[in-house]
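The values are calculated or read from the model by the stated rules, or taken from the named source; none is laboratory data. Computed from a prediction, not measured in an experiment: that's the story for all the values here. With ideal geometry, Cβ positions are generated from the backbone for all residues, glycine too; neighbour counts draw on all protein chains shown. Areas reflect the complete protein model, heavy atoms only, side chains present, ligands, DNA and RNA absent. Shrake-Rupley method; radii C 1.70, N 1.55, O 1.52, S 1.80 Å.
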Amino acid sequence: MNEIKAPKGTRDIFAPEIQKWHNLENAIHAYYKKFLYQEIRTPIFEHSELFSRGIGSETEIVQKEMYTFSDKSDRSLTLRPENTASVVRAVIENNLFETLSPLRFYYIGSMFRYDKPQKGRYRQFQQFGVEVFADDSPQVDAEVMFSAVDFLKKIGIEAMQLELNSVGCPQCRPDYLQVLRKAARAQESRLCSDCRRKIDGNPLRIFDCKLPACAEVAASLPLISDHLCGECRDHFAAVRETLSWMNVSFQLNPRLVRGLDYYTKTAFEITSGQLGAQNALLGGGRYNNLIQELGGPDMAAIGFAAGMERIILHLEQLEPARPKTLFVAYEDPQWLAHAVQMAQVLREEGYPVYLDYQGKNLKKQFKKADRVAAAFTLILAENEIQSGSVSIKNMVNQEQIKISLKELNEWLKKNY
RNA sequence: GUGAGUGUAGCUCAAUGGUAGAGUGUCGGAUUGUGGAUCCGAUCGUUGCGGGUUCGAAUCCCGUCACUCACCCCA
């Protein structure tokens, strides 16, 4: 069998699951309007350089996970692995600082990463996210986190945890990393080979190692929280205080690291125990230097991105929410024209209507009506046509009545 | 990139190395204006793919691909 299948890590979404996606998308649009966010749609692919400069050329994502290709003019393009860099690019390119206010955006769309698929992780996956520009207030950080938690609660997710950290800024992080490297190197012999490599690369990752020996070493390593500069420390304190005003509970996690280089100060993640190994539902933070690095003004920003497949995994299976359907049946092909016209009229009135063009006899058509879960079947036959009426059978309780066509609309209004 | 498990009918799954099956679904029928239930009948497969061992392979071995889960990383 060499039939063509969906590429590894991609999937088809259809009924009944598609209903969850509609619900989730609608909820996002509705919820974020309340905070004056506006939707932004950016291209699915960008110049590769946007991501290597934006996300960081040394990150795992840029190093090994990008879908990069050359187009026919030899431009290096990349399917977006995340959307923040694109949004920043769009805001700069279109001078949105000058024209839109407030500078708050949300997006919904596909991202692409060449990862090995497993539960909750795909090569093409959907994220929604928000970005707030031009405000360095700690209250904005808190509001963004509140909205994330509140939104997830409103769509029915309870079992989640907000984890919070400050990853410092260009003033304090380099100093901290030096201290950390030094401390790690002092205990290098006790670390696994993986962690030894991390010392020079990204020493923060040592905190993630699950080996007991490494965890023991990690417990003794200095924490960023003790090495923040005055500004970062004040900002972080204000963020936590605001969260408590807002009644948002959180867990401080001094080991929380983000996989993208652009984060400064606030970093956060919402995790869930129900997801298996890929337990991050949503992650984000502040990125006060990215806009300038991508050629824009010196402007603060904060945002997050959420994995929609992972959210969908948490949503209860819905009843197939098919709207109540009207089925138009005709006893003999000679009445097909009447049936078609009736369907047109009913659809014009707003009802979902189905009829079976290959219906050979009523028995078959009723079977079809049953399969499409029709609520009512409208029957046209010689009897009805001649008297200018229609028979209506309630498919649930099997009651059947005959009414004149003039009364049909009225009847539907009452009984549909 | 690394590791483990699983690949049999559209779907869920059986079959000690000896003729590939069941349930479900689909289609047809149980007399001509009526579905679901029941009954009867039909349809359904290169056992993921390619090699090897064997008189004989769905079954054992090797390879490969896909799916699932985990490592890694992340949403």
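A single entry from A:Arg196, A:Arg173, A:Arg205, A:Arg185 fulfils the requirement of being within 16 Å of RNA strand B (Cβ to nearest atom) and either under 16 Å from A:Gly285 (Cα atoms) or at pLDDT 85 or above (or both): A:Arg173. Counting the residues of segment A:221-243 that are of a type in the set (S, T, N, Q) and open to solvent by less than 30 Å² (accessible area, probe 1.4 Å) gives 1. Filtering A:Ala343, A:Ala339, A:Ala369 for residues that are among the aliphatic types (A, V, I, L, M), more than 15 Å from RNA strand B (Cβ to nearest atom) and outside any strand (DSSP E or B) leaves a single hit, A:Ala343. Among the residues of segment A:136-148, is there at least one that is in a strand (DSSP E or B), in contact with a helix residue (DSSP H, G or I) (Cβ under 6 Å, 6 or more places away or on another chain) and not hydrophobic (A, V, I, L, M, F, W, C)? The answer is no, given that none of the residues of segment A:136-148 is in a strand (DSSP E or B), in contact with a helix residue (DSSP H, G or I) (Cβ under 6 Å, 6 or more places away or on another chain) and not hydrophobic (A, V, I, L, M, F, W, C). On the basis of being out of contact with any Lys or Arg (no Cβ under 6 Å at 6 or more places or on another chain), part of a strand (DSSP E or B) and under 29 Å from A:Gln274 (Cβ atoms), does A:Tyr32 make the cut? Considered against the rule, which asks whether it is out of contact with any Lys or Arg (no Cβ under 6 Å at 6 or more places or on another chain), part of a strand (DSSP E or B) and under 29 Å from A:Gln274 (Cβ atoms), A:Tyr32 comes out as no.
Just a yes or no: is a residue in segment A:259-278 open to solvent by 20 Å² or more (accessible area, probe 1.4 Å) and over 30 Å from A:Met66 (Cα atoms)? Taking every residue of segment A:259-278 in turn, none turns out to be open to solvent by 20 Å² or more (accessible area, probe 1.4 Å) and over 30 Å from A:Met66 (Cα atoms).
Checked against the criterion of being of a type in the set (D, E, K, R), surrounded by fewer than 23 Cβ atoms within 10 Å (Cβ to Cβ), within 7 Å of RNA strand B (Cβ to nearest atom) and closer than 28 Å to A:Arg104 by Cβ, the candidates A:Glu331, A:Glu293, A:Glu309 yield just one match: A:Glu309. Selection of first residues in segment A:115-129 that are within 14 Å of A:Leu313 (Cα to Cα) and of second residues that are within 6 Å of RNA strand B (Cβ to nearest atom) and at pLDDT below 90, restricted to Cβ pairs under 6 Å at least 6 apart or on distinct chains, gives the following pairs, ordered by first then second residue: A:Lys119/A:Gly276; A:Gly120/A:Gln278; A:Arg121/A:Gln278.
Please determine, by comparing only the residues of segment A:110-147 that are small (Gly, Ala, Ser) and within 12 Å of RNA strand B (Cβ to nearest atom), which one is nearest to the chain's Cα centre (by Cα). The selected residue is A:Gly129. Just one of A:Phe376, A:Phe366, A:Phe304 is of a type in the set (Phe, Trp, Tyr) and in the same structural domain as A:Gly273 (by TED's automatic domain parsing); which is it? Only one candidate passes the filter, namely A:Phe304. For A:Phe304, the conditions (1) under 30 Å from A:Val140 (Cβ atoms); (2) among the aromatic types (Phe, Trp, Tyr); (3) out of contact with any strand residue (DSSP E or B) (no Cβ under 9 Å at 6 or more places or on another chain) are fulfilled apart from (3). Would segment A:399-414 turn up any residue that is in a loop (DSSP other than H, G, I, E, B) and either near RNA strand B (Cβ under 10 Å from one of its atoms) or open to solvent by less than 80 Å² (accessible area, probe 1.4 Å) (or both)? Yes, segment A:399-414 contains a residue that is in a loop (DSSP other than H, G, I, E, B) and either near RNA strand B (Cβ under 10 Å from one of its atoms) or open to solvent by less than 80 Å² (accessible area, probe 1.4 Å) (or both).
Scan segment A:138-154 residue by residue and report those that are open to solvent by less than 40 Å² (accessible area, probe 1.4 Å) and either at pLDDT below 95 or polar (S, T, N, Q) (or both). Within segment A:138-154, just A:Ser147 meets the criteria.
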